[in-house]
Amino acid sequence: MKIFSIPALVILLFFSFTTERNLFEGEINYLIHNPESPSGEMANLNLTFTNNRIFVDSNVSMNVIAGLSARGVLVRNDLQDFILITDEKEGLKVAKNELDGLVILMNRMQGKTENTGRKPFPWDEKVVETGNSKQIHGYASYEFRLKGDAEGEYISVWLTDRIKVDWGVLLDAWYSTGAIQFDHEIPVEMVMNSNSFPLLIEVFRNDSKVMKAEALSVNRSGFDRSKTSIPPDFKLLGLADMMMNFFRQQR
């Protein structure tokens, strides 16, 4: 089993889909800790959810599309696009129907191959519902474990069914982009699915914790809704500008 880097786990935490009503609106803040890294690598991940929109930002650079880094990502399900925040006053706009071609092109430029013919994930063999439960920030949460290939190697995921969000176009983005960019041995549906939300993820090797992603707070009121809107003076660049930005980052 591969152990996640923080940027990869940031990406992985993005992706799922639900059509349920009475969806969560608010802000969830995570602390992600990698004690195995030389500096004890830590990162904050903040997710803001409003009707039809999601904003994700972090204190670490997010490599969200084939080598393109962003300070944050705004997902506009109502407009079927993504805004990659590259500067305080500037972002790159990518429509959902532009994403596949862009990713294929950039992966070819980086010498990456597409993960075609991926095998179905062996849920019955790998995933166990432990029966353990606990309250996390007032939400009843239940533990599922993804077993690794070696003894004492597993990922513990604590899910609550009291938080449901609409990830919308990010579902397609994961299967067309994330699944190509990252060859992980964890199914994204275990972390984010249509009926639950993860509040705690812990990675173990030799029964010792080597990675932890923990929700520090869940806020349904008093959060900044403006994060999911674009200011009037914010500059949106198109696909051609995005390609130029990609070339600059590869130098």
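Cross-link pairs exceeding 28 Å between alpha carbons, from the set Lys96/Lys212; Lys164/Lys212; Lys126/Lys209; Lys93/Lys164; Lys147/Lys212: Lys96/Lys212. Multiplying the residue separation of Leu31 and Asp241 by 0.36 nm and subtracting their alpha-carbon distance yields 72.3 nm.
Kindly state, to the nearest 0.05, the FRET efficiency for Ala95 paired with His137, given R0 = 45 Å and r defined as their beta-carbon distance. Result of the calculation: an efficiency of 0.80.
Sorted ascending by nearby beta carbons within 10 Å, beginning with the fewest, Asp233, Asp78 become Asp233, Asp78. In terms of packing, defined here as the mean over residues of other Cβ atoms within 10 angstrom, the peptides 146-153, 23-30, 128-135 line up highest first as 23-30, 146-153, 128-135. Modelled spin-label separation between Asn77 and Asp124, with each label point placed 7 Å from Cα along the Cα-to-Cβ direction: 3.3 nm.
Bear in mind that the values in this text are calculations on the coordinates, not laboratory data. A quick note: this is a predicted structure, and the numbers were derived from the prediction, not measured. Quick reminder, even Gly has a Cβ in these numbers, built from the backbone with ideal geometry, and neighbours come from all protein chains shown.
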